[in-house]
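What follows is a single structure, written as structure tokens, with notes after it.
The values are calculated or read from the model by the stated rules, or taken from the named source; none is laboratory data. Here the structure is a predicted model, which means the values were calculated and not measured. Positions of Cβ are generated from backbone atoms using ideal geometry, with glycine treated the same way; all protein chains shown enter the neighbour counts. For the accessible areas, the whole protein counts, side chains as well, though only heavy atoms, and no ligand, DNA or RNA atoms are used. Shrake-Rupley method; radii C 1.70, N 1.55, O 1.52, S 1.80 Å.
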Amino acid sequence: KFQKIFRNSPDMMIIFKANNFEIVEVNQRFVDLLGFGREELISRCLFDLDSIWGSVDKQEIMDELRGQTTMNNKELELVTKAGEKIITLISTDIINIEGDTCYLSVIKNITNEKKLEAKIALFEQLHLIGEMAAGIGHEVRNPMTTVKGFLQLFLEKPEFVNYRDRLNLMIDELDRA
């Protein structure tokens, strides 16, 4: 049952030895997503595969695994064989296989979710900017309407007849603004 679950999991799965991090087994999803052949992975030290780790501090991960028996939902950026960066959540637990203490890691690709989160955050920022712009526009329009009203009143007064061109220019500029 375990083998069937392991092989057919929609998430990447890897089993590696606890003492030296030698890869014992990977599932097909791991192979498909990262682009490595099983023969390139099996019997190699997980942390010797520099190309998949990108900017991840491998020593920190090794120390974390040695210091505890489980790792839950640790976010890591991995790199496929083709050079594409993927964001993953890794959960690891200790299992026993034929007397060997091993780690079983389940790795979920959350790249699309992270991209969606970034887009949502951008839309929220744009929405906030729009609300601020509408508020500022409203606050600017109110005093401009008052000034325009007084200018129109001045146009009707005979003592401002000499200033009619200037008053009309100010009204036009307020309308344009």
Given the conditions (1) assigned to a helix (DSSP H, G or I); (2) open to solvent by less than 60 Å² (accessible area, probe 1.4 Å); (3) under 30 Å from THR80 (Cα atoms), every one holds for LEU167 apart from (3)
Do we have any residue at all in segment 15-28 that's part of a helix (DSSP H, G or I) and out of contact with any helix residue (DSSP H, G or I) (no Cβ under 8 Å at 6 or more places or on another chain)?
-> no
Answer yes or no as to whether ASP32 is of a type outside the set (A, V, I, L, M, F, W, C), closer than 15 Å to ALA82 by Cβ and modelled with pLDDT of 90 or more.
-> yes
Could you tell me which residue of segment 97-139 is farthest from ILE61 (Cα to Cα), considering only residues that are among the acidic types (Asp, Glu) and out of contact with any Lys or Arg (no Cβ under 9 Å at 6 or more places or on another chain)?
-> GLU139
Considering each residue of segment 61-86, count those that are of a type in the set (A, V, I, L, M, F, W, C) and open to solvent by 40 Å² or more (accessible area, probe 1.4 Å), and give that number.
-> 1
Can you name every residue in segment 11-50 that is open to solvent by 70 Å² or more (accessible area, probe 1.4 Å) and among the small types (Gly, Ala, Ser)?
-> SER43
Only unsatisfied item for VAL79, checking (1) closer than 15 Å to ASP11 by Cβ; (2) under 21 Å from the mean Cα position of the chain (by Cα), is (1)
Does at least one position in segment 108-131 carry a residue that is open to solvent by less than 40 Å² (accessible area, probe 1.4 Å) and assigned to a strand (DSSP E or B)?
-> no
Top-ranked residue of segment 89-107 - restricted to ones that are of a type in the set (Ser, Thr, Tyr) and under 24 Å from the mean Cα position of the chain (by Cα), ranked as most open to solvent (accessible area, probe 1.4 Å) | SER91
So, first residue under 13 Å from PRO10 (Cα atoms) in segment 104-115, second residue of a type outside the set (A, V, I, L, M) and surrounded by fewer than 15 Cβ atoms within 10 Å (Cβ to Cβ), Cβ within less than 8 Å, six or more apart or across chains; the pairs are ILE110/GLU75
Flag if ALA134 is open to solvent by 60 Å² or more (accessible area, probe 1.4 Å), assigned to a helix (DSSP H, G or I) and hydrophobic (A, V, I, L, M, F, W, C) | yes
Determine if segment 135-148 includes at least one residue that is in contact with a strand residue (DSSP E or B) (Cβ under 9 Å, 6 or more places away or on another chain) and without any contact (Cβ under 8 Å) to a residue 40 or more places away in the chain.
-> no
